[in-house]
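Heads up, the thing below is written out as structure tokens.
The values are calculated or read from the model by the stated rules, or taken from the named source; none is laboratory data. Fair warning: this is a prediction, and the values are worked out from it, not measured in the lab. Note that we place each Cβ from the backbone using ideal geometry, even for glycine, and neighbour counts take in every protein chain shown. In case anyone asks, the SASA skips ligands and DNA or RNA and just uses the protein heavy atoms, side chains included. Shrake-Rupley method; radii C 1.70, N 1.55, O 1.52, S 1.80 Å.
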Amino acid sequence: GAGVSQSPSNKVTEKGKDVELRCDPISGHTALYWYRQRLGQGLEFLIYFQGNSAPDKSGLPSDRFSAERTGESVSTLTIQRTQQEDSAVYLCASKITGGLSYEQYFGPGTRLTVT
Amino acid sequence: AQSVTQLGSHVSVSEGALVLLRCNYSSSVPPYLFWYVQYPNQGLQLLLKYTTGATLVKGINGFEAEFKKSETSFHLTKPSAHMSDAAEYLCAVSELNTDKLIFGTGTRLQVFP
């Protein structure tokens, strides 16, 4: 597909379980971002991957959150021992770096509900 | 640290009326500024962006925004609202080194017939 895709679109899990969210960026986009949107709050930056550089993890809220990216392709966001406050829509975005293209292209998101 | 403030979590207008959604930012250097729109059950879509050059920026669907450095503002306007404009509007500023976006809390626009 031409856009950023994310899976699953919806995930309901029990408190304490681990979840894995997937993001497929646009082909050729070297930068990849994860954001979180909790109800009634703005989007929060979580983590940023740029090529082979070390990721910027400054937005991860706790050590229960981790993310990986294989080269310049798929990324997975893992939340261990989920808590109810982890319930949110998790958005992935990708971007071409360099040049004058500053736009991040967002996926449709994964709605995570922790019961 | 950069931050973005969107005044008014909800804005309601009549169809055909002026739309004004406010956004103020705090940044010690000239930022890049963005407005995104989020329709129900859809992903974020870029409306317009300011990077350099002309301070009045035109975007899709008849929206425009003006970067006012003296007021640290980037308000979004549209002369005449349409029912299809009902959505969540998010203002964002980017950090220059990483381009990670700092978002405001969003404004939900309702358009009444």
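Here are some notes:
- Segment B:Thr72-B:Asn41, extension gain: residue separation times 0.36 nm, minus the distance between their alpha carbons: 8.0 nm
- At a probe radius of 1.4 angstrom, the accessible area of chain B per residue rounds to 48 square angstrom.
- As a calculated quantity, the FRET efficiency between B:Met83 and A:Thr115 at R0 = 30 Å, using C-beta atoms, amounts to about 0.25.
- From most to least packed by mean Cβ count within 10 Å, the peptides A:84-97, B:66-79 give A:84-97, B:66-79.
- Relative contact order [Cα under 8 Å, 6+ residues apart], segment A:1-109, whole percent: 35 percent
- Measuring heavy-atom accessible area with a 1.4 angstrom probe and counting protein chains only, the residues of segment B:82-113 that give up at least 40 Å² relative to the chain alone are B:Thr98, B:Asp99, B:Lys100, B:Leu101, B:Phe103.
- Taking the average, over residues, of other Cβ atoms within 10 Å as the packing measure, peptides A:11-22, B:99-110, A:46-57 rank B:99-110, A:46-57, A:11-22 from highest down.
- Note, ³J(HN,Hα) from phi for segment B:9-16, Karplus 6.51, -1.76, 1.60, rounded to Hz, x at Gly and Pro: 6, 9, 10, 10, 9, 8, 4, x
- Pairs of Lys residues in the protein assembly as shown, spaced 8 or more positions apart or belonging to different chains, with C-alpha separations under 22 angstrom: 17 in total.
- Percent accessible area from carbon and sulfur atoms, segment B:60-113, protein chains only, probe 1.4 Å: 52 percent
- Protein accessible surface hidden between A and B, which excludes ligands and nucleic acids, total in Å², probe 1.4 Å: 1500 Å²
- Chain B shape via C-alpha gyration tensor axes, a/c threshold 1.5: prolate
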